[in-house]
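Novice: This is the structure I want to talk about, given as structure tokens.
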Amino acid sequence: MCPRVDPKWFLWLIVPLLWCCQRSLSELKVRVRLDDGQVTEESLQADSERDCITLEFRKADGTFVTYLADFKQNVKIFRVLILGELERGQSQFQALCFVTQLQNNEIIPSESMAKLRQKNPHTVRQAEEIRGMEYLQMDVAVNFTKAVQLSPHIHNICSEAREAMYTRQDDVRIWLQKGFDGSMFEVLPQSSSIPDLPTCKLCSIDWKPCICSYRLSLEWIPCSLKYCKSRDSSGRTTSYRCGIRSCQKSYNFLFYVTQKQLCLWDEET
């Protein structure tokens, strides 16, 4: 079943570098080094029947990250569970969910992922390609109750973040053209419409609205397939899948919050 919801059930899984057959549901794990130098394990789960891939990992500060690629709906979902600062009046954890369009060549197909196997599981992997930072203006709030139209996985992944689900106006325009219910979207205040709306990093008052920034990096994802060439018995050149290419991809999500208290991590970036 894709994905798992409860972080306490999290299994640290796989890296595949050899190909072979397997059932539709597959789990893998790979050790990676985060940008703070700490080593963690990414868990990857592929479900070829539901055509989705889930990637999960825990950061050194306890933050739990889930990334899901839904190929049927061409949607990707990021969920972040951030430990709260209890001494500053926050709850035990804060949840964020970002939903946007899945682009071509972001990650290999679920059927291909399900066939991957780990080699040298104790090796700390490094991505072959660094794709750099992508800045995403998440300027629209998403109604959790209606969001199942975007992906059937949203209610499972984003249940803790039902009051903090965001997307972009560019994505909304595409979904409206597909006939999705526009009432699930609400455009949020922007700096362009409210000149004195500060970034949370520069805001000195915990209870004042501001534009929050959250940076997230996926250190190792199988982003494309590798093809090798050979000659058959008649001398013709043929190509076959012979492995994967790995990528590192970073995101910076920008979104409106009603008070800086909901974006305390921005003080440290």
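The values are calculated or read from the model by the stated rules, or taken from the named source; none is laboratory data. Quick caveat: nothing in here was measured; it's all calculated off a predicted structure. Note that each Cβ is placed from the backbone with ideal geometry, even for glycine, and that neighbours are counted across all protein chains shown. The accessibility values were calculated without ligands, DNA or RNA, using every heavy atom of the protein model including side chains. Shrake-Rupley method; radii C 1.70, N 1.55, O 1.52, S 1.80 Å.
Novice: Return the total of residues in segment 129-157 being within 18 Å of Gln73 (Cα to Cα), open to solvent by 10 Å² or more (accessible area, probe 1.4 Å) and of a type outside the set (A, V, I, L, M, F, W, C).
Specialist: Looking only at that region, the number is 7.
Novice: Which number in (1) surrounded by fewer than 20 Cβ atoms within 10 Å (Cβ to Cβ); (2) within 30 Å of Gln92 (Cβ to Cβ) marks the one condition that Tyr256 misses?
Specialist: Checking Tyr256 against (1) surrounded by fewer than 20 Cβ atoms within 10 Å (Cβ to Cβ); (2) within 30 Å of Gln92 (Cβ to Cβ), the one that fails is (1).
Novice: Mind telling me which of the residues Lys201, Lys178, Lys208, Lys249 ends up being closer than 23 Å to Glu129 by Cβ and of a type in the set (D, E, K, R)?
Specialist: Selected residue: Lys249, the only one of Lys201, Lys178, Lys208, Lys249 that is closer than 23 Å to Glu129 by Cβ and of a type in the set (D, E, K, R).
Novice: Within segment 101-153, work out how many residues are farther than 17 Å from Gln45 by Cα, assigned to a strand (DSSP E or B) and in contact with a Leu (Cβ under 6 Å, 6 or more places away or on another chain).
Specialist: Counting residues in segment 101-153 that are farther than 17 Å from Gln45 by Cα, assigned to a strand (DSSP E or B) and in contact with a Leu (Cβ under 6 Å, 6 or more places away or on another chain) gives 2.
Novice: If Thr100 satisfies every condition in (1) of a type in the set (Val, Ile, Thr); (2) touching a helix residue (DSSP H, G or I) at 6+ places or on another chain (Cβ under 8 Å); (3) open to solvent by 10 Å² or more (accessible area, probe 1.4 Å) but one, which is the exception?
Specialist: Unmet condition: (3).
Novice: Here's something else I'd like to know. For residues in segment 224-233 being open to solvent by less than 80 Å² (accessible area, probe 1.4 Å) and among the hydroxyl-bearing types (Ser, Thr, Tyr), which is nearest to Leu116 (Cα to Cα)?
Specialist: Looking at residues that are open to solvent by less than 80 Å² (accessible area, probe 1.4 Å) and among the hydroxyl-bearing types (Ser, Thr, Tyr), I get Ser224.
Novice: Does Glu56 count as part of a strand (DSSP E or B), free of Cβ contacts under 8 Å to residues at least 24 places away in the same chain, open to solvent by less than 70 Å² (accessible area, probe 1.4 Å) and out of contact with any Cys (no Cβ under 8 Å at 6 or more places or on another chain)?
Specialist: Working: part of a strand (DSSP E or B): yes; free of Cβ contacts under 8 Å to residues at least 24 places away in the same chain: no; open to solvent by less than 70 Å² (accessible area, probe 1.4 Å): yes; out of contact with any Cys (no Cβ under 8 Å at 6 or more places or on another chain): yes.
Judged against the criteria, Glu56 is not a match.
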